[in-house]
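Shown next, in structure tokens, is the structure this report addresses.
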Amino acid sequence: MTVTNPENISIISDFCQYMQQKGSSENHQVNNLKVVMDFAKFLGPISFYEVKKRDQITSFLNKKIKTSD
């Protein structure tokens, strides 16, 4: 599954360029982009700009919690 929302794709691209311009390490860039892209995939057609409620973020983060197994 890829990021389908064109607005989010643009935001992610801008974020990537920003991190490169600021001299972030490649590892840091990759880790941040993984999370941002996963969040965009989770949102589906919803734009980052449309995220207004805490629940929209916490439900994504709760899915990332690993079990103790």
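The values are calculated or read from the model by the stated rules, or taken from the named source; none is laboratory data. Just so we're clear, the structure is a prediction, and the values are computed from it rather than from any experiment. Quick reminder, even Gly has a Cβ in these numbers, built from the backbone with ideal geometry, and neighbours come from all protein chains shown. With ligands, DNA and RNA removed, areas are computed over all heavy atoms of the protein, side chains included. Shrake-Rupley method; radii C 1.70, N 1.55, O 1.52, S 1.80 Å.
Determine whether region 3-12 contains at least one residue that is over 11 Å from the mean Cα position of the chain (by Cα), modelled with pLDDT under 95 and not in a helix (DSSP H, G or I). Yes, region 3-12 contains a residue that is over 11 Å from the mean Cα position of the chain (by Cα), modelled with pLDDT under 95 and not in a helix (DSSP H, G or I). Taken over region 13-49, the residue count meeting the criterion of being more than 19 Å from THR2 (Cα to Cα), surrounded by 11 or more Cβ atoms within 10 Å (Cβ to Cβ) and of a type in the set (D, E, K, R) is 0. Out of the residues in region 1-12 that are polar (S, T, N, Q) and open to solvent by less than 80 Å² (accessible area, probe 1.4 Å), which is farthest from SER47 (Cα to Cα)? Among residues in region 1-12 that are polar (S, T, N, Q) and open to solvent by less than 80 Å² (accessible area, probe 1.4 Å), the one farthest from SER47 (Cα to Cα) is SER10. Scanning region 47-57 for residues that are of a type in the set (Ser, Thr, Tyr) and part of a loop (DSSP other than H, G, I, E, B) turns up just one, SER47.
Among the residues in region 12-23, are any touching a helix residue (DSSP H, G or I) at 6+ places or on another chain (Cβ under 8 Å) and hydroxyl-bearing (Ser, Thr, Tyr)? Looking through region 12-23, none of the residues is touching a helix residue (DSSP H, G or I) at 6+ places or on another chain (Cβ under 8 Å) and hydroxyl-bearing (Ser, Thr, Tyr).
If you check PHE60 against the conditions, is it touching an Asp or Glu at 6+ places or on another chain (Cβ under 9 Å) and either in a helix (DSSP H, G or I) or surrounded by 10 or more Cβ atoms within 10 Å (Cβ to Cβ) (or both)? Yes; evaluated as a whole, the condition is true for this residue.
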